[in-house]
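Throughout, read-outs are computed from the coordinates displayed, never taken from laboratory work. Bear in mind the structure is a predicted one, so any value in this text is a computation, not a measurement. Heads up, the Cβs are rebuilt from the backbone with ideal geometry, glycines too, and the neighbour counts pull from every protein chain shown.
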Amino acid sequence: MDKFASSSGGRLFLAILPDAATAERIHRLASVLKRAHRFNGKLIAPDRLHVSLFSLTGLPDRQIYAACEAATELRTEPFDVSFDRTTSFRGGPGNRPFVLIGEQGLRRLQSFRQLLAVALTRTGLRRLADANFTPHVTLLYDARSVDGYPVEPVDWTVAEFVLVHSLKGHQHLARWCLRS
């Protein structure tokens with residue numbers, strides 16, 4: 001990684017990803033819900049489904065390197081997540097995210113993000129470590145919105161997190177395995 005993709009456009013962020021089988025399951029669920037809610041938006045492809053942790057877009061390379069250093073030093077065991085509801089978030093006109101969310105099944109994810117925030121703060125990236133975080137997986141964007149609705153829980157074990165460059169697809173620039 002000589003130079004990060006932040007200078008070549010797109011978005012750069014730290015994220016967790018579902019495993020391939022879970023991503024396919026989420027995509028199938030999204031397809032059913034798209035029809036049920038009569039959404040017109042395009043489904044997010046299975047290989048692009050993720051939970052964003054921190055945006056690194058627009059940071060100079062030295063700060064991105066610092067974030068990667070913080071990620072490398074993080075020590076925590078793999079953990080389970082469970083998403084059990086869907087809802088629409090606010091968005092721009094015609095661009096409302098339809099997402100998977102949860103509560104009880106995401107507490108470990110919230111704790112993990114706090115650990116990562118502390119690590120980022122130690123490397124001088126305090127402004128990234130804001131407390132606002134609603135863990136979610138975006139399924140599609142649509143002009144319409146719907147209220148929250150329970151779904152069969154979607155679970156997976158988080159064993160790693162990645163640095164993603166998003167521009168006409170997702171490229172994973174770095175990976176960090178969770179370990180104690």
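General remarks:
- For residue 16, net neighbour charge (Lys/Arg +1, Asp/Glu -1) across residues whose Cβ lies under 10 Å away: 0
- Mean Cβ neighbour count within 10 Å, used as a protection proxy, ranking 37-43, 135-141, 57-63 highest first: 135-141, 37-43, 57-63
- Seen through its C-alpha gyration tensor, with square-root eigenvalues sorted a ≥ b ≥ c, the chain comes out prolate because a/c lies at 1.5 or above while a/b is bigger than b/c.
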